[in-house]
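Since every read-out is calculated from the coordinates, none of them should be taken as a lab result. Just so it is clear, the model here is predicted, and its values are computed rather than measured. Positions of Cβ are generated from backbone atoms using ideal geometry, with glycine treated the same way; all protein chains shown enter the neighbour counts.
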Amino acid sequence: MTSGSTNTQTQSFLMRRFAEVGIAPNSKRGQNFLVDLNLLRLLVDAAQLGPDDVVLEVGTGTGSLTSTMAPLVAAVVTVEIDEQLHQLASEELIDFENVRLMSQDALRNKNNLSPLVIEALQAELAVDPRRRLKLVANLPYAVATPVISNLLAGELTPQSMTVTIQKELGDRLMARPSTKDYSALSIWVQSQCHIELVRVMPPSVFWPRPKVNSAILHIVVDESARARIPDREFFHEFVRSMFFHRRKFLRSELASAYKGRFSKQDVDDLMAALEMGPTTRAEELDVATMLRLCEAVRARLAAESAAPGPDARGD
């Protein structure tokens, strides 16, 4: 999703402005413009912005959300991939000295943010040690999952993420075990964050109207929870591998993921030690249990690596 332009805009204003410059919203890039300004204000209020905040916005649109946030914060780094929208936003935001508008993709690839975006954020954060990073955005649906996931995977982690996303993704982020929406993404985010559903939004608050409902989520990163994950990179890959074939038994997923490292007996012993039966599935495990399983696997792999080989000789 992408925001509108100035804070007095309506759907008719946007339609007239787009007609003036001869462009139209690009549905492939998730360009659905928020035209309910009360909800835009709700998004900003939910983010709890302050003068020490550096905000990352992905999907500048024509600058409505950006211009609402800029007076409240130390800096806004806002990224827009569409060159025509970037030009429109440049005109709207020209008077804001604390806005850095970048014309590019926010992602280097699906697993990494753009290095240029990271450098821009680091530069703004380095100005004052009191500065803190927040993500506030009407996220285009195509990049919503990788943006949220990658920010938690990297070292440049925001204090919070307040985002407009499709409700379907919000359901996945907040899902509980043994439900259809529970996934690796649910566990990855819940293991590190507290998630609040701020508002469900109907298609009518956007132009053009999307085909599905949207939601505002406020996601607060819990540093104490992150500290309980000794190796986040390993945990991230582990959880994804456990959901690679969602309906398979966990025993089969473990045997497949660590083929050549664990025998079937190793897997059975490991699961038995954690009081898991042979028909347990990954989708049944809550976050705490998945963390325990991950650490048991990591410890066994580490012990295996440290064990002397068959040709080792003692003194």
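Residues Thr10, Thr289 in ascending order of nearby Cβ atoms (within 10 Å, fewest first): Thr10, Thr289.
In sequence order, the stretch 38-48 has phi-based couplings of 5, 6, 4, 5, 4, 4, 5, 4, 5, 6, 6 Hz under the Karplus curve 6.51 cos²θ - 1.76 cosθ + 1.60, θ = phi - 60°, and Gly or Pro positions carry x. For Lys264, the lysines whose Cα falls under 27 Å of its own Cα, not counting residues fewer than eight places away in the same chain, are Lys248. Where both bridge residues fall in the chain, DSSP classifies roughly 45% of the beta bridges as antiparallel.
Put simply, the C-alpha atoms of the stretch 232-306 give a gyration tensor, and the ellipsoid matching it has half-axes of 17, 14, 12 Å, longest first.
For the pair Arg176 and Arg298, a Förster radius of 25 Å applied to the C-beta separation gives a FRET efficiency near 0.50, rounded to the nearest 0.05. Taken about its Cα centre, the chain carries a charge dipole of roughly 1020 debye when the Cβ of each Lys and Arg holds +1 and the Cβ of each Asp and Glu holds -1. Using a cut-off of 30 Å between Cα atoms, the listed pairs Lys110/Lys180; Lys180/Lys259; Lys134/Lys259; Lys28/Lys180 include Lys134/Lys259 as exceeding that distance. Show me the GluC sites (Glu not before Pro) within the stretch 52-143 that DSSP assigns to loop and that have at most 14 other Cβ atoms within 10 Å of their Cβ. Here the GluC sites (Glu not before Pro) that fit, given the DSSP loop and packing criteria, are Glu97.
Length gained on full extension, Glu223 to Ala142: 26.4 nm, using 0.36 nm per residue less the C-alpha separation. Segment Glu20..Asn111, full-extension length gain: 29.0 nm, with 0.36 nm per residue of separation and the alpha-carbon distance subtracted. For the stretch 2-227, the relative contact order works out to 20 percent when only alpha carbon pairs closer than 8 Å and six or more residues apart are counted.
If the chain linking Gln87 and Gln48 were pulled fully straight, counting 0.36 nm for each residue of separation and taking away their Cα-Cα distance, it would gain 11.2 nm. When peptides 146-152, 293-299, 263-269, 182-188 are ranked by their average number of other Cβ atoms within 10 Å per residue, the highest-first order is 182-188, 146-152, 293-299, 263-269. Rounded to whole Å, the principal axis extents of the Cα atoms in the chain read 78, 44, 31, largest first. Taking all Cα-Cα distances within the stretch 43-185, those exceeding 26 Å account for 21%.
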